[in-house]
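Reading through the structure tokens given below for one structure.
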Amino acid sequence: MPSLVSGIFGLGACLALAGCVSMGSDVVPIGRNTYQLKMTSVGFGSQTDTNAKALQSANAYCDELGKHLVFERNTESDPDRFNSRQSNLIFECLDENDPDYLRAKAHAVSMIPAGTSAH
């Protein structure tokens, strides 16, 4: 009986973990230092989770290049309203001394409310 109980528990744990599966496309160059990444989540995850996973993948890609991620835009689509969410992320990977990176960094800092920390 213990093996049946552990088998059922194990199956339940697997199903719970499989509740949300994210699949990302390869990063595709679409311009000078500009890339596209599509992330699709199937299951019980939220659109926010899908967007976050896309940003994490994009950030890892820029890190591999020794550059910094600059967010351009993200579009969301809901191909199957019940089970999947999609994030289509456009981003740049820029050197830390690139004027566009410095401009984006300055803009991000200017959006932090007074009296709070940027860390």
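Please report D26, D98 as a ranked list, fewest other C-beta atoms within 10 angstrom at the top and most at the bottom.
Least to most surrounded, the residues fall as D26, D98.
Could you check the spin-label model distance between A52 and L102? Points 7 Å from the Cα along Cα→Cβ, value in nm.
If labels sit at A52 and L102, their model points lie 3.4 nm apart.
Ignoring solvent entirely, what values of log10 I(q)/I(0) come out of the Debye formula for segment 20-110 at 0.13, 0.16, 0.24, 0.26 Å⁻¹ when each Cα is a single scatterer?
The computed values of log10 I(q)/I(0) come out as -0.45, -0.64, -1.12, -1.24.
In segment 20-110, if the dipole is taken from +1 on Lys/Arg beta carbons and -1 on Asp/Glu beta carbons about the Cα centre, which of A104, G43, C62 is farthest to the positive end?
It is G43, whose Cα lies furthest towards the positive end.
A short reminder: the numbers here are calculations on the coordinates, not readings from a lab. Since this is a predicted model, take the numbers as computed values, not measurements. We place every Cβ from the backbone using ideal geometry, glycine too, and count neighbours over all the protein chains shown.
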